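The values are calculated or read from the model by the stated rules, or taken from the named source; none is laboratory data. What you see is a predicted model, and the numbers here were worked out from it, not measured in a lab. Glycine gets a Cβ as well: all are built from the backbone with ideal geometry, and neighbour counts include every protein chain shown.
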Amino acid sequence: ALNLGRGAKPKGYIVEDIWQELARAKYLLWEQESSKRSWELQSLKEACEAALEEKHVLDISRKEGFLDEASSTHLKQMEALRQVFRKAAEDDTPAEVPDYLCCKITLDIFRDPVITPSGVTYERAVILDHLDKVGKFDPITREPLRESQLVPNLAIKEAVRAYMDKHGWAYKAS
Amino acid sequence: MVLEAGLAGVAKQAEQLRLDGNYYFSKDRYGAAIDAYTEAITLCPNVPIYWTNRALCHLKRNDWTKVEADCRKAIQLDHDSVKGHYLLGLTLLQRNEYAEGIKELEKALNLGRGAKPKGYIVEDIWQELARAKYLLWEQESSKRSWELQSLKEACEAALEEKHVLDISIKEGFLDEASSTHLKQMEALRQVFRKAAEDDTPAEVPDYLCCKITLDIFQDPVITPSGVTYERAVILDHLDKVGKFDPITREPLRESQLVPNLAIKEAVRAYMDKHGWAYKAS
């Protein structure tokens, strides 16, 4: 529905509605799947931490005199383990969407990015609105700009799709 | 008047010496070239190019201390000396000062790209920079890799010990305990694989690669049809094959090419995260 609607009338309200519903659905699906992943990771992390703790307790009960070193090594190991699990959970952890995937005007992630002759990429609906209401110039470089000069930035559109596939939480902001 | 004429004469002499030096250099006679440039420097010590030319001769003779001295002088005279920063970068890399060397090479690349995009030196700087970034990544990722491996083995050992203790305590639930244990070990392997993901060479995403060369972009430009190509490659196509977009076959002129700044930034971010990608460049 979204693709058909965008083809027909880019600024139509129904396209906006379809997009909102689609984004909401994708977000809910991500939330569900990532909760499961999150829980599994947490369980595994706790099992590892428990096992390493037990081993450490056994180790220091055997060794005498190297307590400080053993404890310091153990603490470093636990911190390293936390980092590993943080990394494993990275894709599911909401963060800042990279600048180059966001419109310079709205600061939102692109849905339909277009590039101007100056090389700057904007959200299509937003730049069209600017040309209509503010003036026929590039908002950032202020060079003259006509609607016909806007080119779809297909590579960035693909980059956004790949990013959202990997980071479902990004559907919330849209 | 006389002084000006005198100075002009000296400058002319120095220039002639530079040309002599260039000639000797082209014949691989680096000693002679150095002498010529040195004389030029003596006459006109404030001309950056005499210093960088001499530095290049020292480089050919692997006289790195002298390379550094000469190009630092050149940079002092001209902060924007492309060759100065380039040669200084190479010198630092030679000493395995990767981070500093990379900074100089990046400076040289930016200055060079600003001056003359299609100059050969830009290609050389890029090659050296990619090589340096790859070596730096290799060094750092080996360390990370080793640390991850140690931690993984420690966890696996601890979980194994715990499992052995558990099954010796429980009777009758052996199969279930073993099956759970195996799943846990597999899950652990996945976690460590994920933690090592950034450092693991993989396929660079399509949208970061030129559709013609299939290599990661260095200087991406977009056509009116919305397709993005490597600048040098599309210029070559327009020059040798025809004035049309290779994929859509729509008419295309060089003036219509627009730098795809967003994709350029995306490539930079990707390579910062995945240093192994510098190898292919």
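Numbers at a glance
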{"read-out": "Of all residues in the range A:110-141 being away from every other protein chain (no Cβ under 12 Å), β-branched (Val, Ile, Thr) and surrounded by 15 or more Cβ atoms within 10 Å (Cβ to Cβ), the one that is nearest to B:Val227 (Cα to Cα)", "value": "A:Ile127"}
{"read-out": "Search result, residues across the range B:223-281 that are small (Gly, Ala, Ser), exposed (fewer than 13 other Cβ atoms within 10 Å of the Cβ) and assigned to a helix (DSSP H, G or I)", "value": "B:Ser255"}
{"read-out": "Count of residues meeting criterion [in a helix (DSSP H, G or I), surrounded by fewer than 18 Cβ atoms within 10 Å (Cβ to Cβ) and under 32 Å from the mean Cα position of the chain (by Cα)] in the range B:39-54", "value": "1"}
{"read-out": "Of the criteria (1) touching a residue at least 12 places away in the same chain (Cβ under 8 Å); (2) within 14 Å of another protein chain (Cβ to nearest Cβ), which one B:Arg131 fails", "value": "(2)"}
{"read-out": "Scan of the range B:236-264 for residues that are in contact (Cβ under 8 Å) with a residue 40 or more places away in the chain and either hydrophobic (A, V, I, L, M, F, W, C) or away from every other protein chain (no Cβ under 14 Å) (or both), ordered by number", "value": "B:Ile263"}
{"read-out": "Total residues in the range A:26-56, condition free of Cβ contacts under 8 Å to residues at least 12 places away in the same chain and within 21 Å of the chain's Cα centre (by Cα)", "value": "5"}
{"read-out": "Selection count, the range B:11-31, where residues are surrounded by 16 or more Cβ atoms within 10 Å (Cβ to Cβ) and of a type in the set (A, V, I, L, M, F, W, C)", "value": "3"}
{"read-out": "Members of the range B:209-222 found to be over 19 Å from the mean Cα position of the chain (by Cα) and either modelled with pLDDT of 95 or more or buried (at least 17 other Cβ atoms within 10 Å of the Cβ) (or both), listed by number", "value": "B:Val221, B:Ile222"}
{"read-out": "Qualifying residue in the range A:124-144 (condition: of a type in the set (D, E, K, R), closer than 18 Å to A:Ala170 by Cα and in contact with an Asp or Glu (Cβ under 9 Å, 6 or more places away or on another chain))", "value": "no"}
{"read-out": "Of all residues making up the range B:192-202, the number that are within 10 Å of another protein chain (Cβ to nearest Cβ) and either in contact (Cβ under 8 Å) with a residue 12 or more places away in the chain or over 31 Å from the mean Cα position of the chain (by Cα) (or both)", "value": "4"}
{"read-out": "Qualifying residue in the range A:81-103 (condition: under 22 Å from B:Glu161 (Cβ atoms), more than 7 Å from chain B (Cβ to nearest Cβ) and either at pLDDT 90 or above or in contact with a His (Cβ under 7 Å, 6 or more places away or on another chain) (or both))", "value": "yes"}
{"read-out": "Pairs, first on the phi < 0 side of the Ramachandran plot and more than 9 Å from every other protein chain (Cβ to nearest Cβ) in the range A:142-163, second of a type in the set (Lys, Arg) and part of a helix (DSSP H, G or I), C-beta under 8 Å, six or more apart", "value": "A:Leu150/A:Arg124"}
{"read-out": "From B:Glu104, B:Glu100, residue being crowded, with 23+ Cβ neighbours inside 10 Å and within 14 Å of the chain's Cα centre (by Cα)", "value": "B:Glu104"}
{"read-out": "Residue within the range B:143-164 that is free of Cβ contacts under 8 Å to residues at least 60 places away in the same chain and more than 13 Å from chain A (Cβ to nearest Cβ) present", "value": "no"}
